[in-house]
Each structure stands twice: as structure tokens, then as C-alpha cells.
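First comes the structure, then the notes that go with it.
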Amino acid sequence: MSSKSTEQKSSDHGFNSILSRFEPVIGLEVHCQLKTESKLFCGCKTNFGAMANQNTCPVCLGLPGVLPVLNHEAVEYAIRMALAVGAIIRERSVFARKQYFYPDLPKGYQLTQYDLPYCENGSLTLDNGRKITIQRIHMEEDAGKNIHGDNASYVDLNRAGIPLLEIVSAPEIKSPAEAADYLKKLRAIARYLDISDGNLEEGSFRCDANVSLRPVGSKTLGTRTEIKNLNSFRNVEKAITYEILRQADVLESGDKVKQVTLQFDAAIGRTLVMRSKEDSPDYRYFPDPDLGALLINEARVQNVRANILELPEQKVQRFQDTFSIPEADARQLTEEKELAAFFEDVVQKVDGAVAPKIVANWMLSEYLREFNARQWHFDKPFVSSERFARLLKLLGEGTISGKIAKAVFEDMAASGSDPDSIIEAKGLVQISDSAAIKAVVDQVIAAHPEQVAQYLSGKQKVYGFLVGQVMKISAGRFNPNLLNECLKEALHGKS
Ligand SMILES: [Zn+2]
């Protein structure tokens, strides 16, 4: 065992011991980028990876004398999210100017919703059954990006004005694992609603975490720190865990936790101070005079509601009911909507030749293993649902054994070929000819009299050895059920 895993073990132990003395209180603020065609207040494109400053205009550059115009596609997406988490939508909400000076914000203010967000008071249920309150969701525009080169710094304003939803949870999350689960669920909902690509690497789904500790049993909240811009589920868990350990250390040494803004350095696995409370800015919010109030009437809400497709929770339930698969499998299959769609597609195409439970097992083991190992993407599947279904059908019909099916699938993944060609080229068709099987069974029995005697005297374990010998000669192609039948018959014929 490596020293690393020992270290891991002892730190896990330390973490659990801290949880026996302190209760972590965690709140998350998620920034979810909406995948609208154009920006929130102008017609500029929103595509990722465009040349720097290509997607800009006088409005999002903040040039004098321009007027913002609200993008109603973004509003529709925002309503979808509010409905999906059961939030209350305000009929009248207001955009405010959040004033601060920064190179990537040439206007000097960001348009966001402040005291009157468009929606409040939703919730999300975690895998462990705990319900986390979503205090508010508001719409806002993203800022640009500073790029620091060797001898100069640059500003790219392509992101400036891109529509975001800021989704704020109540401080009700109790562990790093719950935080990661909450984020995964929220991201899945956004992707099911088709309002965000939820791409963590490209920054279209990122989060700030507020973390505080209080002695177990206490009702008073401790001083919190805020970790900014976490952009992977792994880093969220790691950063919060680190911060809990750090704060516990401070508290147990008799010091006070300082209210600071932190960033997480994933390379060294630590949080570092960005700024303290003393230098936290005063944003001087006020309603934007150029934008009227946002009015969302009931008819509009009903119209959006009517067009919301099945959400992850509903799919989990339907998969269990329709396909008789366990809840854990249904959850895993529905984490990504494309995976769920692929599964349903395959179930339909095997057309009863294979039980949905078997399809699910194959998807969650063989398929996902290859998918992850080869870094496939749902947009460009290397194994189509037709070919995957065909393979499972060949298995279901007994043309190939389970063992061979796995080998054929690996080959399909590596070569991109279809299962029939691979099976034909390699001569892998399962042999269900009893006479051929019996001949080999007899041969094996004759070659191993000692093991046969042991088996007949009651040593069950020897049976597996004999099966193995027969399979070896058949190169794994004998139908396993028939093989068992023939072998047992031959052995018991001996007694
Ligand atoms: Zn623009």
C-alpha cells in the first residue's frame, strides 16, 4: 500500500473527527451561462472560442449613448429554471447597476438584479433526500476577461454581456459531498431544460461557496468565508473540505475566522486569500434608468410551463417504473440527458430480445468504461445505438456468449466496426451444437480422470475447472447453458 493512501486515510479520519465537533454550514452561488444565440442586452453572438473581441458592439463595450435591449429568449430560459425548481416568479422585477471599476468592465457597472430578482424560494432535493432551499435566482450579464501575457495584459470582451443566471442556495448544505451532489443536480436540470450547456471547463457553469463552521448543537452561524469561481465538481469538494479543515484549525487554536474572499489553488489543494472584508467593495446599486421593469405575466409563465420536457427526477421515476431497473441505476443513467436518451434508444432497438435491466447493466459497465476511457462525446458517438443494440441482440439470441460480447464491444470501440463483421472475421459465433459440445466434454473427461473422481466424491469446486477446460478448447464459443447441460449429463452418467 502506498504512503499516499495512508495519508488519505489519516486525513479522512481527521475530517470525520472534526465533524463530530463542528457542523459545516455551506451555501452555494452558482453562475449558469444561458445558451442563447445573442447576449443579454445586445445582438452580439455568444459562441465560445471566437477571436478576442470579435463578439462585441457599442452596447456591450459600454460606449456612451447606447441603450440596452433585454433579450426575451434569456427571460424564457430564466422562467424555465424557476419552474423546474418550484420557485415563485415575480410579476415585476428590476435590473440594477452594480458599480465597480475593473478593466474587463468598461461601463463601470454590471447589470444584475438586486433587491427585486425575477424569482425566489425554490428547492432542490439531494440523493440523500434532504431538501435544499434555493433562496433566489436572478438574471445578470457576465463581465469580460483579462488575459495576462509575459509583457502585457489584454482584455477580451467577448464574454461581456453574456446572459447568466445566478442561483443562490440557502446555507443548508452540510458537507462537501452534498455540495457536489447539489451542483450535479442543478447542472443536470439546466441541461435537461436545454438552457445551458453546463460546460464546466469553458466556465459556463461555475460556483462560489460560502463556508462556515459552528460547534455541534449551536444555532448561531459562525463567520463565513467565500471561495470564488470553482469550476469542477472535484474542486468544489476539495476546496470545501480544505476550508472546513482550515477553519476548524483556526477555531480550535482559539483564534477567530476572518471574513475573507478566497480562491482555490487546485495545484496545491489549498484556499488562498484574495481580499479581506475591509477592502470588499461597496457596489452602490441602483435601478438601471435605461431599462424598464421586467414584467412576467401569468400567461407567459403558463406558456413556458407547457413546453418544459421531462426533468431528471421524473425520468428516474419513469425508468424504474417502465424498465424495472433499480433506483441507483436509473439515477446514473439519467445524470446526462444524452446518456438517458441513448439508453432508451437501445432499449427500443433491441426490441425485447434483451431485458432493459441487461441493457442498463451494459450501459453502466462496458459502455461507460469505453466512453470515459476514450473520451467520447455524445455529439459524436463512436458506437451508434444501432450497433450497440445489434450486439446486445446477438447476445440475447444466443449467437454469442456474454464473454465474447464484451470482447466484441471492445473491438467495436477500438476499430469502429460493426459487431457482425467482427464476429464473422474472428469466427466468434457461439456454438450451440450439442454433438460438438458433447465431443469436447468427453475429451476433457477422458483427459482428467482424477478431477472427475474428485467431483463425483463431492468436491464441487472441481466443476469450474472442468468447465474451464471445455471452454478453453472451444475458445469461449460454446453456449454456456448447453455446455453445463452436457457436462453435468456426462459426469452424472459416469456415477
Ligand atoms: Zn454587443
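Miscellaneous remarks
- Condition check for Pro117: touching a Lys or Arg at 6+ places or on another chain (Cβ under 6 Å) and part of a loop (DSSP other than H, G, I, E, B): yes
So that you can scan it fast, the table gives a plain yes or no per residue for (1) of a type in the set (Asp, Glu); (2) within 30 Å of the chain's Cα centre (by Cα); (3) over 22 Å from Ala293 (Cβ atoms); (4) assigned to a strand (DSSP E or B):
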{"residue": "Met81", "(1), (2), (3), (4)": "no, yes, no, no"}
{"residue": "Asn121", "(1), (2), (3), (4)": "no, yes, no, yes"}
{"residue": "Thr133", "(1), (2), (3), (4)": "no, yes, yes, yes"}
{"residue": "His138", "(1), (2), (3), (4)": "no, yes, no, yes"}
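- From the options Ala414, Ala405, Ala453, Ala435, residue that is touching a residue at least 12 places away in the same chain (Cβ under 8 Å) and part of a helix (DSSP H, G or I): Ala405
- Selected residue (criterion: nearest to the chain's Cα centre (by Cα)) from residues of segment 87-112 that are basic (Lys, Arg) and at pLDDT 95 or above: Arg90
- Thr220 fulfils the conditions (1) open to solvent by 70 Å² or more (accessible area, probe 1.4 Å); (2) within 29 Å of Ser20 (Cβ to Cβ); (3) at pLDDT 95 or above except for a single criterion, (3).
- The single condition among (1) hydrophobic (A, V, I, L, M, F, W, C); (2) under 25 Å from Pro326 (Cα atoms); (3) touching an Asp or Glu at 6+ places or on another chain (Cβ under 9 Å) that Ile358 does not meet is (3).
- Being of a type outside the set (S, T, N, Q), within 30 Å of Lys174 (Cα to Cα) and open to solvent by 20 Å² or more (accessible area, probe 1.4 Å) is a description that applies to Arg80.
- Across segment 114-128, the number of residues qualifying as of a type outside the set (A, V, I, L, M, F, W, C), out of contact with any Gly (no Cβ under 9 Å at 6 or more places or on another chain) and either open to solvent by 50 Å² or more (accessible area, probe 1.4 Å) or touching a residue at least 40 places away in the same chain (Cβ under 8 Å) (or both) comes to 7.
- Candidate set: segment 369-389, residues that are of a type in the set (D, E, K, R), in a helix (DSSP H, G or I) and open to solvent by 90 Å² or more (accessible area, probe 1.4 Å); chosen: the one nearest to Arg191 (Cα to Cα): Arg369
- Any hit, segment 438-455, residues being closer than 27 Å to Gly396 by Cβ, in contact with a helix residue (DSSP H, G or I) (Cβ under 9 Å, 6 or more places away or on another chain) and open to solvent by 40 Å² or more (accessible area, probe 1.4 Å): yes
- Tally, over segment 140-155, of residues that are out of contact with any helix residue (DSSP H, G or I) (no Cβ under 9 Å at 6 or more places or on another chain) and part of a strand (DSSP E or B): 8
- Near pairs, Cβ below 8 angstrom, 6+ apart or cross-chain, from segment 46-61 (under 23 Å from Ile195 (Cβ atoms)) to any residue that is open to solvent by 60 Å² or more (accessible area, probe 1.4 Å) and within 10 Å of the ligand (Cβ to nearest atom): Asn55/Lys45
- Tally, over segment 313-330, of residues that are modelled with pLDDT of 95 or more, surrounded by 17 or more Cβ atoms within 10 Å (Cβ to Cβ) and more than 17 Å from Gly352 (Cα to Cα): 4
- Here Ser417, Ser385 are screened, and the one residue that is of a type in the set (S, T, N, Q), within 30 Å of Pro356 (Cα to Cα) and touching a Lys or Arg at 6+ places or on another chain (Cβ under 8 Å) is Ser385.
- Single condition Leu230 does not satisfy, out of (1) touching a strand residue (DSSP E or B) at 6+ places or on another chain (Cβ under 9 Å); (2) open to solvent by 50 Å² or more (accessible area, probe 1.4 Å): (2)
- Only one of Ser401, Ser421 that is at pLDDT below 90 and hydroxyl-bearing (Ser, Thr, Tyr): Ser401
- Verdict on Lys459 being assigned to a loop (DSSP other than H, G, I, E, B), farther than 30 Å from Met363 by Cβ and open to solvent by 60 Å² or more (accessible area, probe 1.4 Å): yes
- Residue list for segment 131-180, filter: within 16 Å of the ligand (Cβ to nearest atom), open to solvent by 20 Å² or more (accessible area, probe 1.4 Å) and among the acidic types (Asp, Glu): Asp156
- Among residues of segment 462-478, those that are at pLDDT 85 or above and not in a helix (DSSP H, G or I), counted: 1
- Contacts under 7 angstrom Cβ, first residue in segment 285-302 being closer than 16 Å to Lys98 by Cβ, partner open to solvent by 80 Å² or more (accessible area, probe 1.4 Å), 6 or more apart: Tyr285/Tyr114; Asp290/Leu67
- Answer residue from segment 28-67, given it is part of a strand (DSSP E or B) and within 12 Å of the ligand (Cβ to nearest atom) and is nearest to Leu124 (Cα to Cα) among those: Ser38
- Which listed residue is over 20 Å from the mean Cα position of the chain (by Cα), open to solvent by 60 Å² or more (accessible area, probe 1.4 Å) and over 29 Å from Ala78 (Cβ atoms), from Ala267, Ala299: Ala267
The values are calculated or read from the model by the stated rules, or taken from the named source; none is laboratory data. Keep in mind that what you see is a predicted model, and the values were worked out from it rather than measured. Quick reminder, even Gly has a Cβ in these numbers, built from the backbone with ideal geometry, and neighbours come from all protein chains shown. Heads up: the accessible areas ignore ligands, DNA and RNA and are worked out on the full protein's heavy atoms, side chains in. Shrake-Rupley method; radii C 1.70, N 1.55, O 1.52, S 1.80 Å.
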